[in-house]
Each structure stands twice: as C-alpha cells, then as structure tokens.
Amino acid sequence: MRKGQLTKEHIIRESAVLFNTKGYTGASLSDIMERCGMRKGGIYNHFENKDEIALAAFDYSFGQIQGLLSEALGSAATSKEKLLAIGQVYIDLIERSSLEGGCPLLNTAVESDDAHPLLKERARQAMTVFIRKLSSILIEGMENEEFNKELSPEEVSSYMIAVIEGGLMLSKLFDDSKYIRSCVRQLTQFIEDQVLSNPVTKS
C-alpha cells in the first residue's frame, strides 16, 4: 500500500475516534492534527475540509460496528440467536467499550440533525442498512417457520432498533449499563412472546 494511502487511512482512523467521542462540533481541526501528529497542510493533502474527514470517519466507524455485528451473527445458529446476539453487541459497546465512543449511528444521528445535512444523510443510509439486515433475519426466521408469519419485518426491526438505541443512550447518559441490559431483556421477552412462531410459555 502506498504511503499516501496509509497516511489517509491513519487520518480517518484517528478522526473516527475523535468524532465518535467528542462529536463533529466538539472535535476541532486542531484536535485532529494533534491526534494524528500532523500539520494542517498534511491533513489537507488528503481531504478538502473537515466535512470530508467527518464523512470518511463515519463510514469507518460504521464499518467497525458492522464488523462486530457480523462476528456475532456468524456464531449464531438460529434466527432467534441472531436477534439476541445483536443485543449482546450493544451491551458490549457499553460494558467492554468494544467501540470507543459507543454507537456511531446514535451519536451521529443525534448530533447531525438539521445542522449537518451530509452527515445526517450518511447516518440515514447506514440506519437503512441496519434495518434491512434485521429485516432479513426476521424474514429468514419466518421462512423457516421459526418466527410468526404475521410479523411485519420492517416494523419489528424499527422497534428493536429504537429500544436498543434508547437503552444505549440512557446508559451513556448515566454511565450505567443497567439501562441497555434492561432494554435487551425486554426485547428478549418480546421475541419470545411476539416473534417466535411458538411462544415460550411460563411454567
């Protein structure tokens, strides 16, 4: 790999941590320069402006969360196990700091809003990918008769993401993983009661 490409990837990787922990507004160009150990000219040899760095950094961070999810899903044998594995990934984001700064989707969606339309659109595209991935797991479970065939995959996916991201936000706000754990427990119960084709009955 060429030195220029290595340098660009170094900037993206280090900036991703900054943006995911301090936010787009909170992370200045000076912060990027300090973290990367580079001068302003060196940064701008590879990027036109801070916006371009932020978009590349978000893509990198989203790639990381996709990697964590893919690894978790790869070890799950059933569709139910896949759904539960996703919840564990988000618990690990809080308890093991498996991705510094937490979920880039949540962080970017909350901060960008209408102030940073390019970042907002990038976060929207990434969330669409996540919803489709969850929906595909649900459809798979419906096709193999593991899940209730009357489900709406998109609605269930949206609900699950809202609960998980809400729990993640509360855990970050209060520095306490009990919120994300509680939300994942509630989702587990929801899956057993509403998603499975043969709901788990309590004895």
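What's the carbon and sulfur percent of the chain's accessible surface, probe 1.4 angstrom, rounded to a whole number?
On the way: 5480 of 11180 Å².
Looking at the chain in its full context, I get 49 percent from C and S.
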Within the range 56-194, how many lysine pairs that are 8 or more places apart, or on different chains, have C-alpha atoms less than 26 Å apart?
-> 11
What is the set of long-range amide H partners of ASN148 at a cut-off below 5 Å, with H atoms built 1.01 Å from backbone N?
-> LEU196, SER197
Everything considered on the Cα gyration tensor (a ≥ b ≥ c; rounded for a/c under 1.5, else prolate if a/b is larger than b/c, else oblate), the range 88-189 must be described as oblate
Taking the reciprocal of mean 1/r across every pair of different Cα atoms in the chain, the Kirkwood radius in Å is 18.3 Å
Relative to the chain, whose Cα atoms define the longest principal axis, helix 178-190 and its Cα axis are tilted in degrees, nearest 10, by 40 degrees
Rel. contact order, % - alpha carbon contacts under 8 angstrom, at least six apart, the range 53-203 | 23 percent
Using only alpha carbon positions, build the gyration tensor of the range 37-113, then give the equivalent ellipsoid semi-axes as the square roots of 5 times its eigenvalues, largest first, whole angstrom.
-> 32, 13, 11
Between the range 71-91 and the range 139-203, what's the alpha-carbon centroid distance in Å?
-> 12 Å
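The values are calculated or read from the model by the stated rules, or taken from the named source; none is laboratory data. Being a predicted model, the structure only gives us computed values, none of them experimental. Just so you know, the surface numbers come from the protein's heavy atoms only, side chains and all, with ligands and any DNA or RNA stripped out. Shrake-Rupley method; radii C 1.70, N 1.55, O 1.52, S 1.80 Å.
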